[in-house]
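A.B. asks: Here you go, one structure.
Only the coordinates and a few stated rules stand behind these numbers; no lab work does. From a predicted model like this one, the values you see are computed outputs, not experimental measurements. Positions of Cβ are backbone-derived with ideal geometry, glycine not excepted, and every protein chain shown enters the neighbour counts.
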Amino acid sequence: MAQVDPLAGPLSRLRVTYQEINSLERAIDAACKVDPCTLSYEFDPNERWHICRAKIGKSNDPIWGITVGEILHNLRAALDEIAWKLACIYTPALLTPQILSDHKLAQHARQIQFPIFLHADNPGNKRGVSAFNVTGTKLHLRLIDPSHRALFERHQPYSGNNGGERDPLWILKEMNDTDKHRLIHFTGVALRDLRYSLPDGKTMTLGEGAMIDSVKSGRWQNPPGGFVDGAELCRFRNDGEAEVQVKIDLATEIRFDKSCGPGAGLHVIRALGLMHNRVGKIVESFYPAFPI
């Protein structure tokens, strides 16, 4: 008889989310090609500034937010299934009719999940601060073998160099909680970079916050949270010369908006990919916890 992979469920969810992320990326790329963001130009003859403004294509498809919600749900569920399977090994009554009559056991069963916390402890009992060693172990892991708690703690956002609030695991947890109550929203369009091609053949690529201070000067702006139709993206000036023809190549991307908590401002596909990779490594690390 073939041995059943104890993590087959979580791994299946990872495969599904990988496909969903790729499909979402293709949908976003296709939409941007059909109706892209372009530029309009103005020239101020008095100050000799060339001003570039955004011309926004169509808005984001609301289906994208639903798709992101499904991806977040499956990634979170892959982790919660690990906790449930380990609980069933240590507390076999979870798989018997006893759970139907034992109300305390049933209550504890509903609280089983993969704990994700920013803090190990809350020594000052600060209000609104949840901690792994309090809520995590006493609520979510109480039906799991205590010897496995160190493995759960190793993956906490506060642990080691996991990144705290910037840890993809924490961003997943917070955005998944958000999605339960409202649709995930995106910025309209966010600017990744502008490439200036000047008449003398020089090309300058500008990144966020970059400034040009040279004979041929320019300024690049990235409106926080994306930009709206008509927003000024950049202005540049060829000092000491009249109006010139300057080619500008625009690269844009779709990001999460400010309502997405720690995910705000992150590139959608890149952030989802980091979450997927983080969960994948966590799932693989739990194989030793299951009996062969």
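A.B. asks: Distances longer than 17 Å among the Cα atoms of the stretch 1-95: what percent of all pairs is that?
C.D. replies: Values: 3087 of 4465 pairs.
Percent of Cα pairs beyond 17 Å in the stretch 1-95: 69.
A.B. asks: Still on this model: Take the residue pairs Lys55/Lys180; Lys33/Lys258; Lys33/Lys281; Lys55/Lys173; Lys85/Lys173 and return only those whose Cα atoms are more than 27 Å apart. It would help to have the intermediate numbers written out before the result.
C.D. replies: Working: Lys55/Lys180 34 Å; Lys33/Lys258 25 Å; Lys33/Lys281 34 Å; Lys55/Lys173 35 Å; Lys85/Lys173 20 Å.
Table pairs above 27 Å Cα-Cα are Lys55/Lys180; Lys33/Lys281; Lys55/Lys173.
A.B. asks: Now, a different point. Can you compute the FRET efficiency between Lys55 and Val16 using 1/(1 + (r/R0)^6), with r the Cβ-Cβ distance and R0 = 35 Å? Round to the nearest 0.05. Intermediate values should be presented prior to the final figure.
C.D. replies: On the way: r = 37 Å, r/R0 = 1.06.
That pair, Lys55 with Val16, gives E of 0.40.
A.B. asks: Between Glu165 and Asp5, what's the calculated FRET efficiency when r is the beta-carbon distance and R0 is 41 Å? Round to 0.05.
C.D. replies: On the way: r = 34 Å, r/R0 = 0.82.
FRET efficiency, Glu165 to Asp5: 0.75.
A.B. asks: Assuming 0.36 nm per residue, please report the length gained on full extension of the stretch Asn133 to Val228 beyond their Cα-Cα distance.
C.D. replies: Working: separation 95, 0.36 × 95 = 34.20 nm, distance 4.53 nm.
Taking 0.36 nm per residue and subtracting the Cα distance, the gain is 29.7 nm.
A.B. asks: At 7 Å along the Cα-to-beta-carbon direction for both Asp29 and Ser101, put a label point, then send me their distance in nm to one decimal.
C.D. replies: If labels sit at Asp29 and Ser101, their model points lie 5.9 nm apart.
A.B. asks: In addition: What's the extension gain from Glu284 to Asp145 if we count 0.36 nm per residue and subtract their Cα-Cα distance? Numbers along the way, then the final one.
C.D. replies: Values: separation 139, 0.36 × 139 = 50.04 nm, distance 1.87 nm.
Between Glu284 and Asp145, full extension yields 48.2 nm more.
A.B. asks: Just rank Asp61, Asp35, Asp179, fewest to most, by other beta-carbon atoms within 10 angstrom.
C.D. replies: On the way: Asp61 14, Asp35 11, Asp179 20.
If I rank by nearby Cβ atoms, fewest first, I get Asp35, Asp61, Asp179.
A.B. asks: In which sequence would His181, His276 go, from the one with the fewest C-beta neighbours within 10 Å to the one with the most? Mind dumping the intermediate values first?
C.D. replies: Values: His181 6, His276 21.
Taking fewest neighbouring Cβ atoms as first place, the list is His181, His276.
A.B. asks: Same structure, new question: Given R₀ = 30 Å, FRET efficiency for His181-Tyr41 by Cβ-Cβ distance, to 0.05?
C.D. replies: Working: r = 43 Å, r/R0 = 1.43.
FRET efficiency, His181 to Tyr41: 0.10.
A.B. asks: Ordered by packing density, taken as the mean number of other Cβ atoms within 10 Å over each peptide's residues, highest first, how do 42-53, 139-150 rank?
C.D. replies: Numbers: 42-53: 13.7, 139-150: 16.2.
Going from most to least packed, we get 139-150, 42-53.
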